[in-house]
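Chemist: Following this message is one structure expressed as structure tokens.
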Amino acid sequence: MGSSGATPTMHDRRDMLPLLRRSAVLGALGIGGIALTAGALHIADVRRSEWVRHSREVGRIARHARALATERVAGIRALILGEDLAPLAPEVAAHRALGHLVDSLAQLSAGNPEQHARAAAID
């Protein structure tokens, strides 16, 4: 403030106006930076959630495919050990379902060459 006492003069007010404008611009830039950071964090969280969902889906399908493959092996072993064709029923059912699951795994793992190669090697 000026040397005139408690009341600001017109000269003092003109000196403060650029400071107030600068403060307003810096405040707006700060708020904009915070908004951009919050937006970037939201986008990263959405991508992470999508990746987790995708990974869980691939794992679920892979576990189901493994169970069906185990049923196929068990049916074939039972046929080898005995002459009855009844144990082949789970193998036949598993064979049909396994093809669809392997196709789903191959499609879901298209973005990951290592997983895609493993899915293609199942059947």
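Chemist: One residue is enough: does region 20-37 have a residue meeting the conditions part of a helix (DSSP H, G or I) and surrounded by 13 or more Cβ atoms within 10 Å (Cβ to Cβ)?
Modeler: no
Chemist: If you don't mind, there's one more thing I want to ask. So if I check each of Ile76, Ile80, which one is loosely packed, with under 10 Cβ neighbours inside 10 Å, at pLDDT below 85 and part of a helix (DSSP H, G or I)?
Modeler: Only one candidate qualifies: Ile80.
Chemist: Any idea how many residues of region 83-94 are part of a helix (DSSP H, G or I) and more than 15 Å from Ile61 (Cα to Cα)?
Modeler: 6
Chemist: Tell me the residue from Ser23, Ser55 that is closer than 30 Å to Gly111 by Cβ and modelled with pLDDT of 90 or more, please.
Modeler: On inspection, the qualifying residue turns out to be Ser55.
Chemist: Name the single residue, out of those in region 95-119 being in a helix (DSSP H, G or I), among the small types (Gly, Ala, Ser) and under 14 Å from Ile61 (Cα atoms), that is least open to solvent (accessible area, probe 1.4 Å).
Modeler: For region 95-119, the residue satisfying everything is Ala119.
Chemist: Right, something else. Could you please tell me which pairs satisfy a Cβ distance under 8 Å, a separation of 6+ or placement on different chains, a first residue in region 53-71 that is touching a residue at least 12 places away in the same chain (Cβ under 8 Å) and in a helix (DSSP H, G or I), and a second residue that is among the charged types (D, E, K, R) and open to solvent by less than 40 Å² (accessible area, probe 1.4 Å)?
Modeler: Here the result reads Glu71/Glu91, each pair linking region 53-71 to a residue that is among the charged types (D, E, K, R) and open to solvent by less than 40 Å² (accessible area, probe 1.4 Å).
The values are calculated or read from the model by the stated rules, or taken from the named source; none is laboratory data. Since the model is a prediction, treat every value here as computed from it, not as a measurement. Every residue, glycine among them, receives a Cβ derived from its backbone with ideal geometry; neighbour counts consider all protein chains shown. Quick note on the areas: whole protein, heavy atoms, side chains included, nothing else; ligands and nucleic acids left out. Shrake-Rupley method; radii C 1.70, N 1.55, O 1.52, S 1.80 Å.
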